[in-house]
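Bear in mind these aren't lab numbers, they're just calculated from the coordinates by the rules spelled out. Keep in mind it's a predicted model, so treat the numbers as computed, not measured. For neighbour counting, all protein chains shown are included, and Cβ atoms are generated from backbone atoms with ideal geometry for every residue, glycine included.
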Amino acid sequence: MTQKTILRALKGERLPVPPIWMMRQAGRYLPEYRATRAQAGDFLSLCYTPDLAAEVTLQPIRRYGFDAAILFADILLVPQALGLDLWFATGEGPRLSTVTRAAEVAALKPAGAVHDTLAPVYETLRILARDLPRETTLIGFAGAPWTVATYMIAGRGTPDQGPAHAFKAEDRAAFCDLIGRITEATIEYLSAQVDAGAEVIKLFDSWAGSLKGADFDDFAVAPARTIIAALKSRHPGIPVIAFPREAGARYAGFARATGADCVALDNSVSADWAAAEVQRDGCVQGNLDPALLVQGGPRLEEETRRIVRAFSGGPHIFNLGHGITPDADPDNVARMIAAVRG
Ligand code: 1CP
C-alpha cells in the first residue's frame, strides 16, 4: 500500500511536491458551500447534520483535489458540549454564555459527557472515511484549551483576549481548573474522532500569540503536550499538527516541547527563518498569506513558489498562514495549487 502523501510528510519524509490543503477550505468563498449552508438554515445546523457537514467537507476535494479533507465543524462545539449556550448572530461572529467565576467553572459538565452533544460530529467522520477518495487524508481537529477558554470567558471573539487574561490574573486557580477541564474534554473528543476515522489531528491555538513568557509554557505548551500524550497513548502513531498561531520565536522548539509531529506556521514568520529554526525538528505546514488569494496577480504564484522552495529541504505540507477569507477568488485557489504542483 502506498501511503497517503500527508501521512508520509508527517512521518518526516521530504517529498518532491509538497502535499497541499487549505485552512477553511470549506467556506463562504465557494458558491457550493453557500448553497449547502442555506439548505441547512444556519451554521450550527450545518455542523450537526452529518450528511450536510460531510457534503461541505467534500466540496473542496471535488473542486480542487486537495490532499487532505478537514472535518467540517467548529472549535466552539466543545464549550457547547460542556454546557454553555452557543449561537451565531447573523453578520456577527459567534456568541456564547460566559464562564467568569469559579462556581461557573465547577458547574460545567464532566469531560465524558461531551459525546452526548458531539455524536453527530463522529457520524460526519464515519461518512467521510467511507466517501473520501482513497488518496485523501481525513483530518479531525479541536481548539487548543487556551483559545477555547478565551471564547468561554468573553462569550465572543476578542481582539486582545483581554477578558481571559483578566480572569487568569484575578483567579488563577479557577482559570487553571477551566484549562484542565477543557483539556480533558478535548482528549475525549479527539479520541472519539480518531475512533470514527480521523487519520490526523490538528490542534488550533489561534490566540497562542497573546500568551507571553511563562504563560506560553503553562497554557500553550503544557495543555498541548498533555493532549498529544493522551492521544498517542490511546492511538499509537496518530499524527498531530499543532498550530500555535503567532507564536513567533516560540515556534522554534514547539514540536519537541509538545510531541507534535508537525507545526503549522502563520504568515507572520518568514519561511526561510522557519526552514532553519522549526523544520529542523520535523514537518512544517504553511504559510501563504491568505490575502494573496484575494489579490491574485503574479505575486500569488511568486510567493507560492518561494514558500515551496524555502521548505524544499525537509518535510513540508503546503497551506495558508490562516483561513481563506470569504472574499477570496476560487480561481486564485486553482492557480496556487498549480504553482505548488507544477
Ligand atoms: O458563516 C459561516 O459559514 C461561518 C464561518 C465559519 C466556518 C466556515 C465558522 C464560524 N466556523 C467555520 C468552520 C471551521 N472553523 C472549521 C472547518 C474546517 C475548515 O477549515 O474548512 C475549522 C477548522 C474552524 C476552526 C475555528 N473556529 C477556529 C480556529 C482556526 C482559526 O480560524 O483561527 C476559530 C478561532 C473558530 C471560531 C469561529 N468560528 C466561526 C468564526 C467566524 C470564528 C472566529 C470568531 C472570532 O474570533 O471572532
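The table that follows gives values for the structure above.
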{"item": "Selected from Pro239, Leu82, Thr98, residue furthest toward positive end of dipole (region 5-341; charges at beta carbon)", "result": "Pro239"}
{"item": "Selected from Pro315, Pro290, Ala54, residue furthest toward positive end of dipole (the chain; charges at beta carbon)", "result": "Pro315"}
{"item": "Label-to-label distance, nm, for residues given as Arg95 and Arg62 (7 Å Cα→Cβ offset)", "result": "3.4 nm"}
{"item": "Rounded tilt (10° steps) of 298-310 against the dominant C-alpha axis of the chain", "result": "80 degrees"}
{"item": "Translational diffusion coefficient (Stokes-Einstein; Kirkwood radius from C-alpha pairs) of region 200-302 at 20 °C, 1.002 mPa s, in µm²/s", "result": "150 µm²/s"}
{"item": "On Cα atoms only, tilt of 172-195 relative to the major axis of the chain in degrees", "result": "50 degrees"}
{"item": "Point-charge dipole on Cβ atoms (K/R +1, D/E -1) for region 95-236, about Cα centre, debye to 20", "result": "100 debye"}
{"item": "Lys109 versus Gln3: modelled label distance in nm, points set 7 Å from Cα along the beta carbon direction", "result": "3.7 nm"}
{"item": "Sites Val17 and Arg134, calculated FRET efficiency, Cβ-Cβ separation with R0 22 Å, nearest 0.05", "result": "0.75"}
{"item": "Nearest-20 debye value, the chain charge dipole, Cβ charges on Lys, Arg, Asp, Glu", "result": "700 debye"}
{"item": "Extension gain from Asp85 to Arg256, taking 0.36 nm per residue of separation minus the Cα-Cα distance", "result": "57.9 nm"}
{"item": "Degrees between helix 145-154 axis and first principal axis of the chain (Cα, 0 to 90, nearest 10)", "result": "60 degrees"}
{"item": "Contour minus Cα-Cα distance for Arg306 and Ala249 (0.36 nm per residue)", "result": "18.4 nm"}
{"item": "Size-normalised alpha-carbon gyration radius of the chain, reference 2.2 N^0.38 Å", "result": "0.94"}
{"item": "Charge dipole (region 221-284, unit charges on Cβ, about Cα centre) - positive-most of Leu265, Ala249, Val221", "result": "Val221"}
{"item": "The chain - percent relative contact order, Cα under 8 Å, separation 6 or more", "result": "20 percent"}
{"item": "Charge dipole magnitude, Cβ of K and R +1, D and E -1 - region 65-168, Cα centre, debye nearest 20", "result": "240 debye"}
{"item": "Across the chain: Cys residues that no other cysteine approaches within a C-beta distance under 4.7 Å", "result": "Cys47, Cys176"}
{"item": "Count of lysine pairs in the chain with Cα separation under 16 Å (8 or more residues apart, or interchain)", "result": "4"}
{"item": "For the chain, built as a Gaussian network whose Cα springs stay under 10 Å, the top-fluctuating residue of Ile127, Ile201, Ile182", "result": "Ile127"}
{"item": "DSSP-defined beta bridges in the chain - what % are antiparallel, rounded to 5", "result": "10 percent"}
{"item": "Cα convex hull of region 262-311, projected area averaged across orientations, nm²", "result": "3.2 nm²"}
{"item": "Ranked by how many other beta carbons lie within 10 Å on average, peptides 52-63, 278-289 from highest", "result": "278-289, 52-63"}
{"item": "Simple label model, 7 Å out from Cα along Cβ direction - Ala338 to Trp273, nm", "result": "3.3 nm"}
{"item": "Calculated [θ] (222 nm, deg cm²/dmol) that DSSP helices of n ≥ 4 give over the chain, each run adding -39,500 (n - 2.57)", "result": "-14000 deg cm²/dmol"}
{"item": "Contour excess over end-to-end distance, with Cα ends at Arg225 and Asp42 and 0.36 nm allotted per residue", "result": "62.4 nm"}
